[in-house]
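The values are calculated or read from the model by the stated rules, or taken from the named source; none is laboratory data. Everything numeric in this text was worked out from a predicted model, so none of it was measured. Using ideal geometry, Cβ is built from the backbone for each residue, glycine included, and neighbour counts are taken over all protein chains shown. Accessible surface is based on the protein model in full, side chains and every heavy atom, while ligands, DNA and RNA are left aside. Shrake-Rupley method; radii C 1.70, N 1.55, O 1.52, S 1.80 Å.
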Amino acid sequence: MLPMRLLRGCALAGLWMTGAVAQTAQQQNRNEPMPTIAGWIETVTFPDYGIVLDAKLDTGADSSSLGVSRLERFKRDGKTWYRFTLTGEGGKTAAIEQQTNRIARIMRAEVEDTRRPIVRLKICLAGHVAETDFTLTDRSDQRSRVLIGRRYLASRILVDSSRKHVFPKHCEGAK
């Protein structure tokens, strides 16, 4: 078995060869903040609702996905809205209503394409607070009810697939 230092060194070399480290060096030259290194599972906070959940940071997914219950579509002032329930740690729930202008077409191998509504929510992850788009779905059969994709991770977070919960559960940037 290889020592952990050697494995991490190989991982960093792989990042360098793929351009990830070179990109961060370019960011440093432009005085942009360096990306944070996080584990593949981290705690995400939805500060507007006081909901805390574990999230899978998935570099293989373009977009982020949120597992919700009681998803229903309705019209308000001629616009399409969605009402849903988000359940966090300890069973805390939030009833959320969000307007949407877009529906995502989700394509997966050997499964029929599905359509999911997209809503924009504020999250705090690894000390970063920002709004991001989530497709809404039933993820009750999945290990993680929150999946964070590349669109959110890009320029913010590098994922160390050998680690989990690098950051504390309490997100400093959340209210």
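Any idea what the relative contact order of the range 73-175 is, in percent, if you count C-alpha pairs under 8 Å spaced at least 6 apart?
17
Using protein chains only and a probe of 1.4 angstrom, how many square angstrom of Arg145 are accessible, to the nearest 10?
Roll a 1.4 Å probe over it and Arg145 shows about 80 Å².
List the residues whose amide H sits under 5 Å from the amide H of Phe167, counting only those 5 or more places along or on another chain, with H placed 1.01 Å from N in the peptide plane.
Excluding prolines and chain starts, which carry no amide H, the hits are Gly39, Thr43.
Would you mind working out the magnitude of the charge dipole of the range 64-145 relative to its Cα centre, with +1 at each Lys and Arg C-beta and -1 at each Asp and Glu C-beta, to the nearest 20 Debye?
220
Pairs Lys122/Lys164; Lys56/Lys122; Lys79/Lys169: which are spaced more than 25 Å apart, C-alpha to C-alpha?
Lys79/Lys169
Long-range amide H contacts for Tyr49: which residues qualify at under 5 Å (H placed 1.01 Å from N, peptide plane, sequence gap of 5 or more or a different chain)?
For Tyr49, whose amide H was placed from the backbone, there are no distant partners under 5 Å.
Want the number for Thr85 to Lys169: 0.36 nm per residue separation, take away the alpha-carbon distance, what's left?
28.1 nm
Top to bottom by accessible area (1.4 Å), largest first, where do Trp81, Trp40 land?
My answer, sorted largest first, is Trp40, Trp81.
Order Tyr152, Tyr82 by their accessible area, 1.4 angstrom probe, all chains in place, largest first.
From most accessible down to least: Tyr82, Tyr152.
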